[in-house]
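Bear in mind these aren't lab numbers, they're just calculated from the coordinates by the rules spelled out. What you see is a predicted model, and the numbers here were worked out from it, not measured in a lab. Ideal geometry is used to build each Cβ from the backbone, glycine not excepted, and the neighbour counts take in all protein chains shown.
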Amino acid sequence: MSDQATVQAPAVSPMPRIGDPAPSFTATTTQGEITFPADYAGRWVIFFSHPADFTPVCTTEFMTFATMQDDFAALGTDLVGLSVDGLYSHIAWLRTIKERITFRGMADVEVTFPLIDDVGMDVARAYGMIMPGEDSTKAVRAVFVVDPAGVIRAIIYYPLSTGRNFDELKRLVVALQAADALAIATPADWRPGEPVIVPPPGSCGMAKERLEDETVNAVDWFFSTKDVTEQAVMDAIAP
Ligand code: BEZ
């Protein structure tokens, strides 16, 4: 008998992957109708889901995201939220957040980015945001970073119980933009101003050249870094 693995084709449409075009849809939101990703052509977008309106962890996430919205705008990045609740629930929840909720010094927080009404779960299913093992009637905490060409560049999933780290989402957007603008990669825990990774050489000859290249710090032929100031990163990624 062959020891080759057999893989069953999925019965439902596959989840989008990094490098795929973002599945397109038109939806009702708290800011009017949007067509995604076409309405955001030329912009970066963080498209994210949350489990439900009027829940505490989601409330802290929305307050944090709304408070950081200017930081993301400075990166040419728009925010779009989704849950499988309806429009009037969204409106009532966002009003309650503004009028009544304080959290970590944040108060009177107005959420002005669109929040999608997805009661039919069509968009959530197209993006693999419903994970029945976690909950079949709520979206998990999914994050899709979509680039100006409408291509998915990063995907993060968190379970219902755990609020996301929004500094990490900002770091991720900066790192993606820096990778595009400077043709580099970024190491673990990288922050702008720290050394970046120079892509490894693709041939034996280039490997030898790399070790002799005085413009980079070649730790080994496959592992080279170079210094890029924080200002140079921010200038390179400026929208
Ligand atoms: C919350 O946002 O607090 C939450 C939502 C769904 C399940 C558990 C917690």
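For this structure, a couple of remarks:
- Computed E for residue 126/residue 203 - FRET, C-beta separation, R0 41 angstrom, nearest 0.05: 0.50
- Taking 70, 85, 122 and counting other C-beta atoms within 10 Å, the order from fewest to most: 70, 122, 85
- Degrees between helix 87-100 axis and first principal axis of the chain (Cα, 0 to 90, nearest 10): 80 degrees
- Taking 127, 40, 158 and counting other C-beta atoms within 10 Å, the order from fewest to most: 158, 40, 127
- Relative to the longest principal axis of the Cα atoms of the chain, the long axis of helix 56-67 makes an angle of roughly 60 degrees.
- Normalised contact order of the range 72-114, rounded percent, pairs of Cα under 8 Å and 6 or more residues apart: 39 percent
- Taking a ≥ b ≥ c as the square roots of the eigenvalues of the Cα gyration tensor, an a/c ratio of 1.5 or more together with a/b no larger than b/c marks the range 15-150 as oblate.
- For the range 46-201, the antiparallel share of DSSP beta bridges with both residues in that region comes to about 65%.
- The range 189-233 and the range 31-66 have Cα centres spaced 36 Å apart.
- Relative frequency of Cα-Cα separations exceeding 34 Å in the chain, percent: 28 percent
- Dimensions in Å of the range 136-239 - Rg and Dmax from alpha carbons: 17.1, 58
- Among 221, 190, sorting on how many other beta-carbon atoms sit within 10 Å of each Cβ, with the fewest leading, yields 221, 190.
- The angle separating the long axis of helix 166-182 from the principal Cα axis of greatest extent in the chain is about 40 degrees.
- Under 27 Å, Cα to Cα: Lys pairs in the chain, sequence gap 8 or more or different chains: 5
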